[in-house]
Structures are given as C-alpha cells and as structure tokens.
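Input: a single structure, listed below in structure tokens.
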Amino acid sequence: KCVVVNCFTDPISFVYRFWGTKNTELFKQELTGKNVLDIEPLEVGEKLFEQYCVALKEKSPALFVNNVKSATGLTTVETILRLPLSSDGLTLNQFLCVFDFGEHFDAFEKYLEEEKD
C-alpha cells in the first residue's frame, strides 16, 4: 500500500494528496484531502504526525516500525517507509509513503476491524 502526502511548513501540517481506494477499504476511512491528524483513532494520527515531523526534519528517507495494539489487546506490526519529494529540488513538499505488513497483514486487518467496532 502507498500514499502521497503534501507537506506544509507554515504551520507544519501533512495532508493526504493520494489516499487510494484500497486504503479506504482497508482503513475504513477516506482521507484524500484530509490532514494526518484527522485519522481515527486520534492517537494514531498524532503518532503519524510526529513521524512526519521527524522525516521532515531529517529531509531523508525514514523507516518507521509501528507496534499497534487494539483495545482488546490484539497486537500487530506495520512498517512504513517515508520518502521525501521535492517539486523544485530544494524544498521538501511531499512524501511518498509505502506500507508493508509482511507476514502480519491478516493480524493488521483484524486489528483494524476491532478498532472500528
């Protein structure tokens, strides 16, 4: 799975430029044109916002491994590679993000189902 996120610096915000139909089906929310902080549950959006801030500061590819836990205690892993993009070769203004759930994809789907119930 992948997304494209627009990056703004004054004030700092991250808005989904491309979310995609498959992500809408998987995450049960359409986020095209919405801020990362609009993700439900709120603590997930806040965690992703922090990760984008780190990647923005570093201005280099950044890999994040998120251990996630549902309210019922189900745990799984998601790995996200955030690749910085620039339209002018100087200013970082987008990220291409690639998600990998590897052998944990079924567990991640179950986690998402529990979070939506």
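Readers should treat all values here as calculations from the given coordinates under stated rules, not as data from a laboratory. Values in this document were obtained by computation on a predicted structure and should not be read as measured data. Every residue, glycine among them, receives a Cβ derived from its backbone with ideal geometry; neighbour counts consider all protein chains shown.
Residues whose amide H falls under 5 Å from that of K34, counting only those 5 or more places apart or on a different chain, are Y16, with hydrogens built in the peptide plane. Diffusion of region 1-91 by Stokes-Einstein, at 10 °C in a medium of 1.306 mPa s and with Rh set to the Kirkwood radius over alpha-carbon pairs, works out to 113 µm²/s.
Let me check I've understood the local charge: for A62, count other residues with C-beta under 12 angstrom from its C-beta, Lys and Arg +1, Asp and Glu -1. What total comes out?
For residues surrounding A62, the net value is +1.
Taking 20 °C and 1.002 mPa s as conditions, region 1-48 diffuses translationally at an estimated 196 µm²/s according to Stokes-Einstein applied to its Kirkwood radius (Cα pairs).
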